[in-house]
Amino acid sequence: MTEGLQLVARAVGAGAIPFVIAFIVLVGAVKKVPVYEVFVEGAKEGFDVAVRIIPYLVAVLVAVGMVRSAGLLDLLADVMRPVLSLVGVPAETLPMGLIRPLSGGGADGVLVETIEAHGVDTLPATTAAVMGGSTETTFYVLAVYFGSVGIRKIRHALYAGLLADLAGLLAASWLTRLLLF
């Protein structure tokens, strides 16, 4: 990128958020909306939502911590190694595949552990990194979004999310091997 283009990109980046805020306030003033009062009311609602979803978040994070600290992920990877090799998934990436639907932070921790154990430019580490970008934190999303609006019956959303995660995990494994190794 040329220096002139970098300068323009920095100027636009620095001014984008203040411009959007000023635009919102201006439109609100033109439409005679009490912008500050509406903002405060929205902040109150956001706080209420945060309070409602805290139990769901705590449950997910505690479950992830217990599974990781008990060493169950590594044990399961060793047991599943023959099956995983048949479908083209490195067994070392199984912890990522199991933790990612539960917790993004937990998945980041698993990724760091995979990189430390196998090296940064290895098939397991690269595959785990691609898996992290190819899947969603399904249980976290369901807990936060459905919990915030009081939806209790999440069966079909759960199945669809986990099926999409499986597709993302398999595609990440196969494409990483095909394109990079």
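The values are calculated or read from the model by the stated rules, or taken from the named source; none is laboratory data. Here the structure is a predicted model, which means the values were calculated and not measured. For neighbour counting, all protein chains shown are included, and Cβ atoms are generated from backbone atoms with ideal geometry for every residue, glycine included.
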Would you mind finding the one in TYR36, TYR56 that is in contact (Cβ under 8 Å) with a residue 60 or more places away in the chain and not charged (D, E, K, R)? TYR56
Quick one: how many residues across region 109-133 are aliphatic (A, V, I, L, M) and either touching a strand residue (DSSP E or B) at 6+ places or on another chain (Cβ under 6 Å) or crowded, with 20+ Cβ neighbours inside 10 Å (or both)? 6
Expected output for region 117-143 (first residue touching a residue at least 60 places away in the same chain (Cβ under 8 Å), partner assigned to a helix (DSSP H, G or I) and of a type in the set (A, V, I, L, M), Cβ below 6 Å, 6+ apart or cross-chain) is PHE139/VAL60; TYR140/VAL60; ALA143/VAL60
Restricted to region 128-181 and to residues being in contact with a Leu (Cβ under 9 Å, 6 or more places away or on another chain) and aromatic (Phe, Trp, Tyr), the residue farthest from SER85 (Cα to Cα) is TYR140
Does region 47-54 contain any residue that is in a loop (DSSP other than H, G, I, E, B) and at pLDDT 80 or above? no
May I ask you to verify whether ASP74 is within 29 Å of ILE99 (Cβ to Cβ), in contact (Cβ under 8 Å) with a residue 12 or more places away in the chain and exposed (fewer than 13 other Cβ atoms within 10 Å of the Cβ)? no
If you take the residues in region 144-158 that are in a helix (DSSP H, G or I) and free of Cβ contacts under 8 Å to residues at least 40 places away in the same chain, which one is nearest to GLY88 (Cα to Cα)? LEU158
Selected residue [under 17 Å from the mean Cα position of the chain (by Cα) and charged (D, E, K, R)] from ASP121, ASP74, ASP108: ASP108
Going by the conditions given, is GLY106 of a type outside the set (A, V, I, L, M), surrounded by 20 or more Cβ atoms within 10 Å (Cβ to Cβ) and modelled with pLDDT under 85? yes
Residues that are free of Cβ contacts under 8 Å to residues at least 40 places away in the same chain and either surrounded by 11 or more Cβ atoms within 10 Å (Cβ to Cβ) or touching a Cys at 6+ places or on another chain (Cβ under 6 Å) (or both), drawn from region 164-181: ALA164, LEU166, ALA167, GLY168, ALA171
Which of the following residues is in contact (Cβ under 8 Å) with a residue 60 or more places away in the chain, part of a helix (DSSP H, G or I) and in contact with a Ser or Thr (Cβ under 6 Å, 6 or more places away or on another chain): GLY161, GLY97? GLY161
